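Everything on this sheet refers to the single structure shown next.
The values are calculated or read from the model by the stated rules, or taken from the named source; none is laboratory data. Predicted model only: the values in this text are computed from it and were never measured. Here the Cβ is made from the backbone with ideal geometry for all residues, glycine too, and neighbour counts use every protein chain on show.
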Amino acid sequence: MSSHAWWQRGVIYQIYPRSFQDSDADGIGDLPGILTRLDYLQWLGVTAVWISPIHPSPMADFGYDISDYEDIDPVFGTPGDFARLVTELHRRDLKLILDFVPNHTSDQHPWFRASRSSRSDPQRNWYIWREPAAGGGPPTNWRSEFGGPAWTLDEATGEYYYHAYLPQQPDLNWREPGVRQAMHQVMRFWLDRGVDGLRVDAIHMLVEDESLQDNPENPLWRPGMSPARQLLRVHTCDRPETHHMIAGMRRVLDEYDDRILIGEAYLPIDRLMLYYGESLAGFHLPFNFHLLSTAWNAAAIAALVRTYEAALPSGGWPNWVLGNHDRARLINRVGGIAQARLAAMLLLTLRGTPTLYYGDELGMSDAEVPANLVQDPWEKNVPGLGLGRDPCRSPMQWSSAPGADFTNGEPWLPLGADFKRVNVMAESADARSMLSLYRALLRLRQSEPALTVGAYREVRSDADVFIYEREYEERRMLIALNFGTQARSMHHPHGEGSIVLSTDPGRLPGGPCHVLDLAALEGVVAVLETRPAVARSSG
């Protein structure tokens, strides 16, 4: 175990800061609020806390439009609050990961204000400016991820600037050395203040085709899909130059001991593998989001794990994500509480570093957000397609008290309708709850090197059942997951041992596992006592 880094042994817990804990009754979560909940995170059993952006921002995209990279937005607190948070996390042996947003700034950032002030300004080339097309209008057909053209005309200078997201989020020009130097300094600023890692936002959008070719039409696009997907993003996404920029970020990170660099890139597995970098000099973890979109059945999930494990570069460490601030809540995607319990066992027993999204450990579901309370600019720009992310960003449900003990004021988003029964206080007192299952899984994972850093081997998969083993030295663990709605009984020829944990709260530990009798939608973890004479994939 000592040969593995903390982020290989650990579990990452994502906090969306506006929604975790409010300390001043303004209805918005903040850093002092997070400070009051650190004992919960330690009790839960996670290793690292990843916090979405907390920097000064006009909040056009709720913090992903940054106007000052080296400060804290007053809505979240002060630099002193941040320093206390780092200290208290480290005192509890917890790590801190911050979001790093390099693709774009706010249009209120001093860099962009200078850039748009004049065509001759020294920082003009820090952003992507182009003349109108020959016949007038935007230089290309590129579309914003949030709907509409990706170019906005600046009347004062007569040129268009490019923005992959909102017009208030102009893209930085990473081909410009000054931009790279300035952003590397931002990284050092936070690493010098004790941050243990950076999660790099939207990295696959960092570089665009310099020749400004139109993107081709997407023949698979249909009405009801995001308008941004009408075009294939061959000239605006996942460009080869991006890897040079990532290598520069990694060199900065390697100036510090024991830190992690994580990349956000929604890409096919073969493309995602390139983000580990040559000689693993890219991201430590290019986030693997494929469980978010894979069909929720045993055969599809087993095939995904098989494909992903086979694609990993030598020495590349795997990771798995089942929820985040951009996707519907886990329980809504997988079809209910029993499937969500299976998902918890899957996430916390696969090989690699898992990431949890706040509230998923409770079984929180998407909140209902009436049209008059919508906050997300994506939903406002493209209404009616269900693209809005507000429902999965609702406040953390701490208790059944008014405001769910998230706030003493009016929450910035509506609470989930189920907060009176789905909350930390109720579930921590219930041994059968989702929270109790997560806590048991996290304790088991941390106590068993086989689950933390051990090798992975698929044993069996069919339409409903997925079975695999994890092994470290002489210790072997069996995980059997029944995604089907019918009970299943299976013989495991090398399975002498005993069941130590089940997603079914009615099953007591200690049962034999050479014959697995799985209830419908049940998953179990068992300790195996004998080693089969078969080869295993390396860990």
In the set A404, A367, the lone residue that is small (G, A, S) and not in a helix (DSSP H, G or I) is A367
May I ask you to say which residue of S57, S144 is modelled with pLDDT of 95 or more, crowded, with 20+ Cβ neighbours inside 10 Å, outside the structural domain of T236 (by TED's automatic domain parsing) and within 24 Å of the chain's Cα centre (by Cα)? S144
The residue that is farthest from W6 (Cα to Cα), considering only those in the range 302-318 that are free of Cβ contacts under 8 Å to residues at least 60 places away in the same chain and more than 21 Å from the chain's Cα centre (by Cα), is A310
Can you find a residue in the range 49-59 that is more than 30 Å from Q446 (Cα to Cα), touching a residue at least 60 places away in the same chain (Cβ under 8 Å) and part of a loop (DSSP other than H, G, I, E, B)? yes
In the range 453-469, which residue that is touching a strand residue (DSSP E or B) at 6+ places or on another chain (Cβ under 8 Å) and of a type in the set (D, E, K, R) is farthest from Q486 (Cα to Cα)? R457
The condition of being closer than 21 Å to R333 by Cα, modelled with pLDDT of 95 or more and not aliphatic (A, V, I, L, M) holds, among R432, R421, only for R421
Residue satisfying all of: in the range 307-332; of a type in the set (A, V, I, L, M) and in a helix (DSSP H, G or I); surrounded by the fewest Cβ atoms within 10 Å (Cβ to Cβ) among these: A310
Failed criterion for V525 (all others in (1) at pLDDT below 85; (2) buried (at least 20 other Cβ atoms within 10 Å of the Cβ) hold): (1)
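Residue by residue, here is whether (1) closer than 30 Å to E145 by Cα; (2) aliphatic (A, V, I, L, M); (3) free of Cβ contacts under 8 Å to residues at least 40 places away in the same chain; (4) crowded, with 20+ Cβ neighbours inside 10 Å holds:
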position	(1), (2), (3), (4)
V422	no, yes, no, yes
A429	no, yes, yes, no
Q446	no, no, no, no
A450	no, yes, yes, yes
The range 114-148, subset charged (D, E, K, R) and in contact (Cβ under 8 Å) with a residue 24 or more places away in the chain, residue nearest to D214 (Cα to Cα): R143
Taking the range 447-498, which residues are β-branched (V, I, T) and more than 25 Å from L312 (Cβ to Cβ)? T485
Lone unmet requirement of (1) in contact (Cβ under 8 Å) with a residue 60 or more places away in the chain; (2) buried (at least 19 other Cβ atoms within 10 Å of the Cβ); (3) among the hydrophobic types (A, V, I, L, M, F, W, C); (4) in contact with a helix residue (DSSP H, G or I) (Cβ under 8 Å, 6 or more places away or on another chain) for V101: (4)
Just to be sure, is D65 surrounded by 24 or more Cβ atoms within 10 Å (Cβ to Cβ) and assigned to a loop (DSSP other than H, G, I, E, B)? yes
Quick check, is E264 touching a residue at least 24 places away in the same chain (Cβ under 8 Å), surrounded by 14 or more Cβ atoms within 10 Å (Cβ to Cβ) and within 27 Å of L191 (Cα to Cα)? yes
Here, strands (runs of 3 or more DSSP E) confined to the range 426-533 with at least 3 residues that are farther than 27 Å from G363 by Cα are 455-461, 488-491
I97: assigned by TED's automatic domain parsing to the domain that holds M434, in contact with a strand residue (DSSP E or B) (Cβ under 7 Å, 6 or more places away or on another chain), within 30 Å of R443 (Cα to Cα) and part of a helix (DSSP H, G or I), yes or no? no
Which one of these does D258 not meet: (1) in contact with a Phe, Trp or Tyr (Cβ under 8 Å, 6 or more places away or on another chain); (2) closer than 27 Å to D68 by Cβ; (3) surrounded by fewer than 14 Cβ atoms within 10 Å (Cβ to Cβ)? (2)
So for the range 255-270 (the condition being charged (D, E, K, R), in a helix (DSSP H, G or I) and within 26 Å of L322 (Cα to Cα)), does at least one residue qualify? yes
Counting only residues that are charged (D, E, K, R) and in contact with a Leu (Cβ under 6 Å, 6 or more places away or on another chain), how many does the range 159-191 have? 0
Among the hydrophobic types (A, V, I, L, M, F, W, C) and touching a His at 6+ places or on another chain (Cβ under 9 Å) - does that describe any residue in the range 68-90? yes
Check whether at least one residue in the range 387-398 is surrounded by 14 or more Cβ atoms within 10 Å (Cβ to Cβ), without any contact (Cβ under 8 Å) to a residue 40 or more places away in the chain and in a loop (DSSP other than H, G, I, E, B), and report yes or no. yes
Could you tell me whether the range 291-306 includes any residue that is touching a His at 6+ places or on another chain (Cβ under 9 Å), part of a loop (DSSP other than H, G, I, E, B) and assigned by TED's automatic domain parsing to the domain that holds A48? no
Tell me whether the range 231-240 contains one or more residues that are out of contact with any helix residue (DSSP H, G or I) (no Cβ under 6 Å at 6 or more places or on another chain), at pLDDT 95 or above, assigned by TED's automatic domain parsing to the domain that holds A311 and part of a strand (DSSP E or B). yes
Are any of the residues in the range 500-519 of a type in the set (D, E) and in contact (Cβ under 8 Å) with a residue 12 or more places away in the chain? yes
Only one of Y40, Y69 is under 25 Å from P286 (Cα atoms), in the same structural domain as V424 (by TED's automatic domain parsing) and not hydrophobic (A, V, I, L, M, F, W, C). Can you tell me which? Y69
